[in-house]
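**Student:** I'd like to ask some things about the structure below.
Just so you know, all these numbers are worked out from the coordinates, no wet-lab data involved. Computed from a prediction, not measured in an experiment: that's the story for all the values here. Reconstructed Cβ throughout: ideal geometry from the backbone, glycine too, with neighbour counts over all protein chains shown.
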Amino acid sequence: MTAHPLEGTGALVTGGGSGIGLAIATRLAADGATVTICGRSAERLDAAVAGADLGDGPGALHPVTADVTDEEAVVAAVRAAEAHAGGPLAAVVANAGGSTSIGPVTQLGVDEWAATTALNLTGTMLALKHGAASMVRGGGGSFVAISSTAGSLVHPWFGAYGPAKAGINQLCRQAADELGPSWVRVNAVCPGLIDTDLVEFITAGGPVLESYRENTPIDRVGSPDDIASLVRFLVGPESTWLTGQVITVDGGQSLRRGPSLAGAIEPLFGADGLRGVVPDPA
Ligand code: NDP
């Protein structure tokens with residue numbers, strides 16, 4: 001195998017300006033891929049490109065601003081990535097995600113539910129729809145969605161986040177069956193707790209971090225590189241018969257149980273609120 005086995009691979013990584021997405025984009029580019037990263041903040045993307053250490057190979061990182069919940073913006077991002085790569089894409093990583101929806105199910109806000117579902121599930125669908133179309137045109141490729149352990153392991157009080165990630169898992173299985181005949185593989189990766197800005201409120205310490213750690217056999221917080229290593233494998237020539245899988249990287253946490261957010265959110269909702277008590281509207 002060459003020193004840069006992804007040379008000639010055109011890739012798009014959504015949410016690639018920070019955290020897990022930046023680690024993935026950097027890893028792919030260091031192995032030779034021409035990677036376009038998208039996000040909403042041009043400043044964040046520019047800083048990511050300027051700060052990334054890609055080694056001395058042929059790979060490159062390019063920024064393009066795009067909100068993954070906006071179909072026209074996703075189309076434009078795919079076009080930009082194709083232009084940078086000089087042809088159709090061979091890898092698309094739908095990584096952009098997060099949550100504005102936390103709390104008891106009896107108090108879920110419809111706006112927060114919709115926003116979280118749009119970012120995670122619709123955003124992944126749009127990257128798949130337009131990214132896979134490019135990969136089909138190019139004769140094949142690999143799509144990877146960044147899901148979460150919350151998509152299969154129950155995470156109480158995580159609102160729309162777990163259901164949206166569960167939707168991503170099933171979307172990937174469905175698309176893997178549809179796109180296999182076009183040599184496009186589709187897989188989902190489910191991280192456990194990874195040290196990024198998204199979960200800084202947990203990794204900073206306290207009862208929620210303790211809840212994670214007491215349920216994680218390999219007792220540490222994960223790093224973005226733990227996820228990037230698997231995505232690199234799923235994108236590369238080592239995994240060309242692997243599709244339709246939902247793969248967990250969590251230090252073994254899903255052998256046990258999801259975390260309890262109670263220590264962080266009971267002060268907001270009260271113990272009764274957490275078990276679903278709301279004032280009788282009558
Ligand atoms: P970060 O918050 O560090 O990064 C998220 C990135 O996504 C940011 O660069 C952000 O940039 C971008 N983004 C957010 N919203 C949009 C949008 N609408 N359109 C385009 N880009 C967007 O989070 P992580 O790296 O931790 O998370 C990456 C993925 O991993 C997410 O899908 C998350 O759900 C998943 N995950 C994370 C875990 C963890 O413990 N960290 C655990 C399990 C799953 P900008 O704001 O500029 O748009």
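**Student:** Per residue of the chain, what 222 nm ellipticity follows from adding -39500 (n - 2.57) for every DSSP H run with n ≥ 4, rounded to the nearest 500?
**Tutor:** That comes out to -13000 deg cm²/dmol.
**Student:** Along the three principal axes, how long is the chain when you take its alpha carbons, biggest first, rounded to the nearest angstrom?
**Tutor:** 61, 40, 37
**Student:** If you don't mind, another one. Round to the nearest 0.05 the FRET efficiency obtained for ALA3 and ALA204 when R0 = 51 Å and r is the Cβ-Cβ distance.
**Tutor:** It comes to 0.85.
**Student:** Do you know the relative contact order of the chain, to the nearest whole percent, from alpha carbon pairs under 8 angstrom that are 6+ apart?
**Tutor:** In percent, rounded to a whole number, it is 18.
**Student:** Which distance in Å, rounded to a whole number, links the C-alpha centroids of the stretch 195-224 and the stretch 245-274?
**Tutor:** Between the Cα centre of the stretch 195-224 and that of the stretch 245-274, the gap is 11 Å.
**Student:** Another question, if that's okay. Apply the Karplus curve 6.51 cos²θ - 1.76 cosθ + 1.60, θ = phi - 60°, to the phi angles in the stretch 224-233 and return the couplings in whole Hz, x for Gly and Pro.
**Tutor:** With coefficients 6.51, -1.76 and 1.60, one gets x, 5, 4, 7, 4, 4, 5, 4, 4, 4 Hz.
**Student:** Which net charge results for the neighbourhood of SER239, defined as the other residues with beta-carbon distances under 15 angstrom from its beta-carbon, given Lys and Arg at +1 and Asp and Glu at -1?
**Tutor:** Net charge around SER239: +1.
**Student:** Stretch ASP280-ARG213 to full length: gain in nm at 0.36 nm per residue minus the Cα-Cα span?
**Tutor:** Length gained, ASP280 through ARG213: 20.4 nm.
**Student:** While we're on this one: Please arrange ILE265, ILE194 by counting, for each residue, the other beta carbons lying within 10 Å of its beta carbon, fewest first.
**Tutor:** By the 10 Å Cβ count, ascending: ILE265, ILE194.
**Student:** Order these by the 10 Å Cβ neighbour count, fewest first: PHE143, PHE269, PHE158.
**Tutor:** Taking fewest neighbouring Cβ atoms as first place, the list is PHE269, PHE158, PHE143.
**Student:** Using the 10 angstrom Cβ neighbour count as an exposure proxy, how do THR2, THR203, THR149 rank, fewest first?
**Tutor:** THR2, THR203, THR149
**Student:** Same structure, new question: Distances longer than 18 Å among the Cα atoms of the stretch 1-114: what percent of all pairs is that?
**Tutor:** More than 18 Å apart: 50 percent of the Cα pairs in the stretch 1-114.
**Student:** A further question on this structure: Compute the angle between helix 42-51 and the longest alpha-carbon principal axis of the chain, please, reported from 0 to 90 degrees and rounded to the nearest 10.
**Tutor:** 60
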